[in-house]
Amino acid sequence: MNEGAPMMYHGNGGFGGPGPMYMVAGVERQPRHYPLEVLQVMGGGARGGGSPGPGQGTPRRWQQRRDRQTNNKGDNTAFGYESDDSSLSSNASGSNKSGEKGEAASRSSERSSGSNSSAGTAYNGQAGWGGAREWREWRSRRTREAHARPRRIAPERYLNASYPFQVKFTPDDLLNGSKWDTLSQEMWDKFVKSQQTEETFRKKMNLWRYLYITIKSIFPRYGLYVVGSTMSGFGLESSDMDLCLYVRPLDNVEPRAHALLHLNYILGYIRSFDPGAELIQAKVPILKFRDARNGLQVDLNCNNVVGIRNTNLLYGYSRMDWRVRPLVALTKLWAQAHNINDARQRTLSSYSLTLMVIHFLQCGTVPAILPRGLEAPDARRPHNRASLAELFLHMLRYYADFPYGLMAVSVRAGARVPVAECRAARASKNDPHQWKLLCVEEPFDLTNTARSVYDPETFEKIVATFRDSYARLAAGLRLADAWPQPQPQPQPQQPQQQNQQQQPQR
């Protein structure tokens, strides 16, 4: 029957007739006028919400509660597979109070819908009393059956969506018929072979899923996020997996002590499958462990939420120009070959190298290839058509001549920023004493990401590596020229020459 049509009640003294129009929940309806007998039934019916008595209307068909069909949307699977342990699925979504809140909301809606009937008898708006539409009768809270709600474990889109980062085709403008073509082709081939594959990405996501479900089953209020090069698009096949454990911070607890406390909780569980797990108590504490099954090295931090923000920023830069990702990848491989890509050895981290490459593409090229941080790209900007080889060579020269003592690398400003200005920046995590030899500004918390380079000898080694690599690459224009050159080994002396040297002079 159409909504809003006049209703005819089939009872003693039946009646019908339209009244004034009103709107209920976006549906147009007309109020019904009931005789005194019906009003008495509505006001004085059974407490249990039974059907009207004989002569008072068509009785509705009674149906047991357990036989009613329920429409459970979704299934109890997590990440597309059925979990063997139901307790993990039920606890992994967070606090158990979420299900109680959902049930309380449904109960309140039921009470509000039946507030006009003090007897608990439900009126069917479509077919009158006892029609086909079913309303649940009143029951005490203790005897109500708890309907299990499917709980969402974690985002499934990272597991089922196609991997967008693996490059399988050569760009059309890689070669332009110039002297740079050979070097550009070598760089592109090395990037394709070293980039993070879809298989490795799936392994990392499956490991994250396992850790997420397990940690949430033990600590329901913990959050676990994948950050770093795995998600930004700058990952290599040999790159570590970066995870961020999020716990609600406490006002009366120092952040570093709070992070160490919770990482120690996780350390006991991690050592159950990796006895060599190590908690590095640095300025930002890191829990390092290895997944032997998939051969993945994992770095887990606690509450370093700035990593989530800069991951999104780097992901945006990686999509702006096809030359960004191979240039970052080749810079990382070049730094690893020269042993200057390890923050624990007082050299540059991969994140600092990535920021240095982006900064060069912002202000080291004319016209600029990338915009300033936190700004959208300008479509009216003239396009820079420099080849991949030219950009790599010019980047080496840019940092070989960079005024490290006066200026800092800033992606946020898209320009060189005075070191004195970085020291004076008012930020909660900024320490003026961390701006020493090599300064790379973090775009969000304004700290120095290259603060690990505080040894003068290591700093001179990094600068000399940029200078020597630039000189050799500019002369030969072959990628091997930028890599470390094998040192000639001294030839062993012949036995006769040794005997002649050992004979005393007469």
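Taking the options Phe191, Phe169, name whichever one is of a type in the set (Phe, Trp, Tyr) and surrounded by 17 or more Cβ atoms within 10 Å (Cβ to Cβ).
On the way: Phe169 fails: surrounded by 17 or more Cβ atoms within 10 Å (Cβ to Cβ).
Among Phe191, Phe169, only Phe191 is of a type in the set (Phe, Trp, Tyr) and surrounded by 17 or more Cβ atoms within 10 Å (Cβ to Cβ).
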Exercise for the section: Give the number of residues within the range 333-356 that are outside any loop (DSSP other than H, G, I, E, B) and more than 25 Å from Glu375 (Cβ to Cβ). Expected result: 8
Handout entry: Filtered residues of the range 201-213 (kept if open to solvent by less than 20 Å² (accessible area, probe 1.4 Å) and either touching a Leu at 6+ places or on another chain (Cβ under 8 Å) or closer than 12 Å to Leu224 by Cα (or both))
Key = Lys204, Met205, Leu207, Trp208, Leu211, Ile213
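Go through the range 287-301 and give me each residue that's farther than 12 Å from Val226 by Cα and either open to solvent by 50 Å² or more (accessible area, probe 1.4 Å) or not small (Gly, Ala, Ser) (or both). Steps first, please.
Residues of the range 287-301 farther than 12 Å from Val226 by Cα: 287-297.
Selection gives Leu287, Lys288, Phe289, Arg290, Asp291, Ala292, Arg293, Asn294, Leu296, Gln297.
In the range 186-224, what residues are of a type in the set (Val, Ile, Thr) and under 27 Å from Arg325 (Cβ atoms)?
Applying the first criterion (of a type in the set (Val, Ile, Thr)) to the range 186-224 yields 192, 197, 200, 213-215, 218.
Val192, Thr197, Thr200 - these are the residues of the range 186-224 that are of a type in the set (Val, Ile, Thr) and under 27 Å from Arg325 (Cβ atoms).
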Completion exercise
If we ask which residues in the range 376-401 are open to solvent by 10 Å² or more (accessible area, probe 1.4 Å), in a loop (DSSP other than H, G, I, E, B) and of a type outside the set (D, E, K, R), their number turns out to be 7
Problem - Residues that are crowded, with 17+ Cβ neighbours inside 10 Å, hydrophobic (A, V, I, L, M, F, W, C) and within 28 Å of the chain's Cα centre (by Cα), drawn from the range 415-442 - result: Cys439, Val440
Practice task
Identify, from the list Leu327, Leu313, the residue that is open to solvent by 10 Å² or more (accessible area, probe 1.4 Å), in a helix (DSSP H, G or I) and hydrophobic (A, V, I, L, M, F, W, C).
Solution key: Leu313
Completion exercise
Pairs returned, first residue in the range 269-284 that is without any contact (Cβ under 8 Å) to a residue 24 or more places away in the chain and more than 27 Å from Val306 (Cβ to Cβ), second residue that is open to solvent by 50 Å² or more (accessible area, probe 1.4 Å) and part of a loop (DSSP other than H, G, I, E, B), beta-carbon separation under 8 angstrom, 6 or more apart or interchain, are Phe273/Ala292
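Take Asp173 and decide whether it is over 21 Å from Arg290 (Cα atoms), touching a residue at least 40 places away in the same chain (Cβ under 8 Å) and among the charged types (D, E, K, R).
On the way: over 21 Å from Arg290 (Cα atoms): yes; touching a residue at least 40 places away in the same chain (Cβ under 8 Å): yes; among the charged types (D, E, K, R): yes.
So Asp173 fits the description; yes.
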Practice task
Considering only the range 225-278, state which residues are over 19 Å from Tyr315 (Cβ atoms), crowded, with 18+ Cβ neighbours inside 10 Å and touching a helix residue (DSSP H, G or I) at 6+ places or on another chain (Cβ under 8 Å).
Solution key: Leu245, Ile266, Ala277
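The values are calculated or read from the model by the stated rules, or taken from the named source; none is laboratory data. On a predicted model such as this, the values are computed, not experimentally measured, just so you know. Quick reminder, even Gly has a Cβ in these numbers, built from the backbone with ideal geometry, and neighbours come from all protein chains shown. Accessible surface is based on the protein model in full, side chains and every heavy atom, while ligands, DNA and RNA are left aside. Shrake-Rupley method; radii C 1.70, N 1.55, O 1.52, S 1.80 Å.
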